[in-house]
Amino acid sequence: MEVEGAVFVAGRHTRGSGFLADCEKYNEATLLGWSVLRVTDRHIKSGLALDWLQRFFEGETRNEATAGRRSAEAGPRTGAD
């Protein structure tokens, strides 16, 4: 997990050279088989980062998560629909 800091104050991750270096780092990590979850302090404070980590370690994919939410929102099937 990469915690991106100073997102709204022109920090290292949002300035040209820092952004370019981060792109290279993330791409190299991906090519080596790593998964990188990028988060900010807002993601951590809201609990979203923890949710992503839990889903990652449980092996849940985006499609599985989306399908689960859709079926939960739709409610039980009655056979009449």
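The values are calculated or read from the model by the stated rules, or taken from the named source; none is laboratory data. Please read these numbers as outputs of a predicted model, since none were measured by experiment. Don't worry about glycine lacking a Cβ; one is built from the backbone with ideal geometry, like all the others, and counts go over all protein chains shown.
Overview of results
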| item | result |
| --- | --- |
| Verdict on residue 66 being of a type in the set (Ser, Thr, Tyr), part of a loop (DSSP other than H, G, I, E, B) and at pLDDT below 65 | no |
| Any pair with Cβ under 8 angstrom, 6 or more apart, that starts in the stretch 17-43 at a residue that is among the polar types (S, T, N, Q) and ends at one that is assigned to a loop (DSSP other than H, G, I, E, B) | 30/36; 40/4; 40/5; 40/7 |
| Residue ID - nearest to the chain's Cα centre (by Cα), chosen from residues in the stretch 19-62 that are surrounded by fewer than 10 Cβ atoms within 10 Å (Cβ to Cβ) and among the basic types (Lys, Arg) | 62 |
